[in-house]
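Notes for the one structure printed next.
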Amino acid sequence: MTTVLDVQRFKEEGQRFAVLTAYDYLSAKILDDAGMPILLVGDSLGMVVLGYPTTLPVTLDEMLHHAKAVARGARQALLVGDMPFMSYHASVEQAIASAGRFIQEGGMHAVKLEGGGRIVEITRQLTSMGIPVMVHLGLTPQFVNQMGGFKVQGKSDKQAARILADAKELEQAGAFSIVLEGVPSDLATRVTKALRIPTIGIGAGSGTDGQVLVFHDMLGLTTGKAPKFVKRYANLADDITRAAKQYAQEVGDGTFPGPEHSYSANGTAAPVKAQLDEVKYGAGA
């Protein structure tokens, strides 16, 4: 099983690593079986699973619901739960309580927080209690209203200096890794070289220690124009559309179900019992 110590070892040995989001039992099991070392139960589920326009409406209870499902599906990956908006903003005490629920109820091994500044003290408190923390800097979706939209961060010298300073402070506070999203590639490389802990990029170029993508984006399940940093390794939305249309057509013209998909009694008890057992234990609707 991958642990936070393994992630640190990846950095020390120069081993680049991949991270994907997961939001349910089946996708977590598939990705875990594929050997994905880290699975992030991201609050991005608000947009790709729940249909919200941003991550801001996602609640702690919704995140825990999906975290539990992922924990049931994965056995080897390091599981990180994304702390949603307003689950750690009111106080350090609130942050401790929310993070504790991710570990105790959600089956996560670590949590992720967005931002620097006051997050430094929260990170210090959580790690002192045995809760590993991944931190997210740069384009932080929970600050989308303050940023005026999903815009690249760190383009000015002042912004870049702030991101680098935040990263160093968070490392000192005990964070085990830092996600860098939507920042210039040269800045991400500078931050990566300045830290002992690994960085994980998304829209941050190739100079980070690891990379993370949203499961649905990577598989081409999301429609419309993808962000520049997304590479679609499959186009499952098209495949699903074709399959659904073919299924509807075959139901309409009577070719499905065919004899091979139907049960029949042939005069002996055993085959019928076997067929009934298959219905009972199969994955029906």
**Report entry** Which numbered condition P271 fails, given (1) part of a loop (DSSP other than H, G, I, E, B); (2) at pLDDT below 95; (3) not aliphatic (A, V, I, L, M)
**Finding:** (1)
Requested in this report: Taking G207 as the residue in question, decide whether it is modelled with pLDDT of 95 or more, touching a strand residue (DSSP E or B) at 6+ places or on another chain (Cβ under 9 Å), under 21 Å from Q15 (Cα atoms) and surrounded by fewer than 19 Cβ atoms within 10 Å (Cβ to Cβ).
Outcome: yes
Query - Pairs with Cβ under 7 Å, 6+ apart, first in region 98-125 and hydroxyl-bearing (S, T, Y), second at pLDDT 95 or above and assigned to a helix (DSSP H, G or I) - result: S98/L60; T123/L170; T123/A173
Report task. Just name the residue that is surrounded by the most Cβ atoms within 10 Å (Cβ to Cβ) out of those in region 35-61 that are farther than 21 Å from G201 by Cα and of a type in the set (A, V, I, L, M, F, W, C). Result -> V58
Query raised in the report: What number of residues within region 37-65 are hydrophobic (A, V, I, L, M, F, W, C), in contact with a Phe, Trp or Tyr (Cβ under 9 Å, 6 or more places away or on another chain) and over 23 Å from Q104 (Cβ atoms)?
Result: 3
Requested in this report: Kindly indicate the residue of region 229-261 that is hydroxyl-bearing (S, T, Y) and either under 39 Å from the mean Cα position of the chain (by Cα) or modelled with pLDDT under 95 (or both) and also farthest from T208 (Cα to Cα) among those meeting that condition.
Outcome: Y247
Query - Which numbered condition A18 fails, given (1) closer than 20 Å to H136 by Cα; (2) assigned to a helix (DSSP H, G or I) - result: (2)
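The values are calculated or read from the model by the stated rules, or taken from the named source; none is laboratory data. Being a predicted model, the structure only gives us computed values, none of them experimental. Cβ coordinates were reconstructed from backbone atoms using ideal geometry, including for glycine residues, and neighbour counts include every protein chain displayed.
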